Every structure is written in structure tokens, then in C-alpha cells.
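K.L.:
Questions regarding the structure given below will be posed in turn.
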Amino acid sequence: MIKYLTFDVYGTLFDWYGTLYEILKKEVQDPSNFLKEWRDLQLKLTMINTMLGKEHRSFDEITKISLVYTLKKYKLKVKEEELLLAWRNLKTFNDVNSNLKILSKKYEIALLSNGDLESLKLLAKKLPIKISSIISAEDSKAYKPSPKIYEKALEVLKAKKEEILHVSSHQMDVWGAKNFGLKCVWINRYNEPYLEGIEIYDYVVKDFNELSNLLKFTVKEA
């Protein structure tokens, strides 16, 4: 029986792309490529940091390193401080808040993210519900999709694997959680192609409205 919903944060609850696009479009006609490359490098560096087994670098530090590199590559004059501040003050997707209120009536809601704890606490304050727990890569000293971060979720929540449903918009996160033994929902907002031949999808929805309906009619409740 599912008792806990763990949510990825960046790109699942909070619209990093839309928030930063609004800032960058003042300087760049189409910021899409810049934003994609920044984000791709950010995630690549997190995985490399975990794979190498070196000292854990903070997500904020990796975010800045990847941003500075991408700004230089694209020769943009946007101040890095402005973008980093925006990253710490992201807006939720339009369908998130109303559905979190519905879901929180039946489930404990937790955040499970690569983000640093203090940054996640700031974002959690923007949500309309009480978050029961925040599980950060900072706690596990490992980034997704390492099993260590999902193991940390069990420890923090004092839960069994079968009591958790993990929700994420990132296929690598879903893959990591599924590999660890958690049930998962992939939120596929942008109609991305599936990873063919890899059995990682328990449920797929396009947004939080579909997520609420899924949990109402399909997934076993606590």
C-alpha cells in the first residue's frame, strides 16, 4: 500500500525552464539551446561527481560551474548572479499547487531531489502544503540515479519500498528509483519518446491533473 509520495523538484514541481526563459528572452531571441545545454551539463556533472567517488560537490556549486561555462560558450552578457537567484526562486507549474492539496489529504508528501537542503527548504515554502520530509543528495552524498539517494529516502521516511511512489519528470530519475525497487510515475509533460527496451515505467502521465486521477482510480491507497 502506498503511504508516501516522493517528488522530484526541478522540472517536476518547479518550472525551471519557464522561469529562466522569461529572464533570458530579454537578451537572447531564443534561449532554448542555452537552457538545454546548461541543464544537460549540470546533470552530467552531478553524475560524474557520484561516479568518481570523490568528495561530494554541492548542487549549488555544480549549478554555478555549469552556468558559468555555458554563459562563456554562448558569449552572453547576462549576469550569472541574476540567473542563480532565479534558480533559487523558481515558480511551480500551474497544475502543481491545486493537485498537491488534493494528494496531501491521502498521502505523506516528501521531496526527493539532487538539490541542496537549504535551497530545497526555500522552495518548499512556496508550496501550499506541509512537506513531511526533504531528502537531499546532500544527505546521501550521492546524486540520482545512485541507489544511495533512494536508500536515504527509506531511512528518512522510515518506510518500506512498497510504501513509496516516486514521481519525477526525468527518465534517469525514474530509472534509478525503479532499479532500487520503488514504484514510479513518469510525468511526461513534453511528450518525450520512451526509452525502448528498458522496463522502467510503472505509470506515465502528462501532468499533475492526470497524476491525481491516476492515484484516485488506479494506485492502491494506504
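The values are calculated or read from the model by the stated rules, or taken from the named source; none is laboratory data. Just so we're clear, the structure is a prediction, and the values are computed from it rather than from any experiment. Because the Cβ atoms are built from the backbone with ideal geometry, glycine has one as well, and the counts that use them run over all protein chains shown.
K.L.:
Would you mind stating whether I200 is touching a residue at least 40 places away in the same chain (Cβ under 8 Å), in contact with a helix residue (DSSP H, G or I) (Cβ under 7 Å, 6 or more places away or on another chain) and not hydroxyl-bearing (S, T, Y)?
P.N.:
When the stated conditions are applied, I200 does not pass them.
K.L.:
Separate question: Scan the stretch 11-34 for residues that are over 27 Å from W186 (Cβ atoms), surrounded by 13 or more Cβ atoms within 10 Å (Cβ to Cβ) and either basic (K, R) or at pLDDT 90 or above (or both) and jot them down.
P.N.:
Correct list: I23, L24.
K.L.:
Next question, about the same structure. On the phi > 0 side of the Ramachandran plot and surrounded by fewer than 21 Cβ atoms within 10 Å (Cβ to Cβ): does that describe G53?
P.N.:
It is true that G53 is on the phi > 0 side of the Ramachandran plot and surrounded by fewer than 21 Cβ atoms within 10 Å (Cβ to Cβ).
K.L.:
Restricting attention to the stretch 164-186, and to residues there that are among the hydrophobic types (A, V, I, L, M, F, W, C) and touching a Cys at 6+ places or on another chain (Cβ under 8 Å), which single residue is farthest from E210 (Cα to Cα)?
P.N.:
Filtering the stretch 164-186 for residues that are among the hydrophobic types (A, V, I, L, M, F, W, C) and touching a Cys at 6+ places or on another chain (Cβ under 8 Å), the one farthest from E210 (Cα to Cα) comes out as A177.
K.L.:
Given the stretch 35-110, what helices (runs of 4 or more DSSP H) lie entirely inside it while holding 1 or more residues that are within 16 Å of the chain's Cα centre (by Cα) and acidic (D, E)?
P.N.:
59-74
K.L.:
Condition (residue is exposed (fewer than 15 other Cβ atoms within 10 Å of the Cβ), among the hydroxyl-bearing types (S, T, Y) and within 20 Å of N97 (Cα to Cα)) applied to the stretch 177-192: is it met by at least one residue?
P.N.:
For the stretch 177-192, residues exposed (fewer than 15 other Cβ atoms within 10 Å of the Cβ), among the hydroxyl-bearing types (S, T, Y) and within 20 Å of N97 (Cα to Cα): present.
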